[in-house]
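Have a look at the structure below before the remarks.
The values are calculated or read from the model by the stated rules, or taken from the named source; none is laboratory data. Predicted model, so just to flag it, every value in this text is computed and none were measured. Methodologically, a virtual Cβ is constructed for each residue, glycine included, from the backbone with ideal geometry; neighbour enumeration extends over all protein chains shown.
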Amino acid sequence: MDVLIADGAALDVTAKYNLSALMLAIVAGHASAAQRLARAGADLTIAGTGAPGFHGKTAYDLAVARNMAELCADVRPR
């Protein structure tokens, strides 16, 4: 991941339900990967769509819902 970030990978491409790599890392429980993406400049304002568990929720909302307190400061929209 660090190599991709260093080489300028697009951090904000979204998948199904408008979930970004940052959001998918949170959903999968990969706090350290999510933290790297957030600190690398991933868009913290992207909101999910579609499914009730994702609709209108940002990475911060997903981190709170999954009790990832250590990550919340890094993913809170500024």
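Of note:
- Residue among ALA51, ALA42 that is in a loop (DSSP other than H, G, I, E, B) and crowded, with 18+ Cβ neighbours inside 10 Å: ALA42
- No other residue among ALA33, ALA65 is surrounded by 11 or more Cβ atoms within 10 Å (Cβ to Cβ) and touching a Gly at 6+ places or on another chain (Cβ under 9 Å) apart from ALA65.
- Contact map, segment 1-20: first residue farther than 14 Å from ARG39 by Cβ and in a helix (DSSP H, G or I), second residue at pLDDT 95 or above and of a type in the set (Val, Ile, Thr), Cβ cut-off under 6 Å, separation 6 or more or different chains; pairs are TYR17/THR49; ASN18/THR49.
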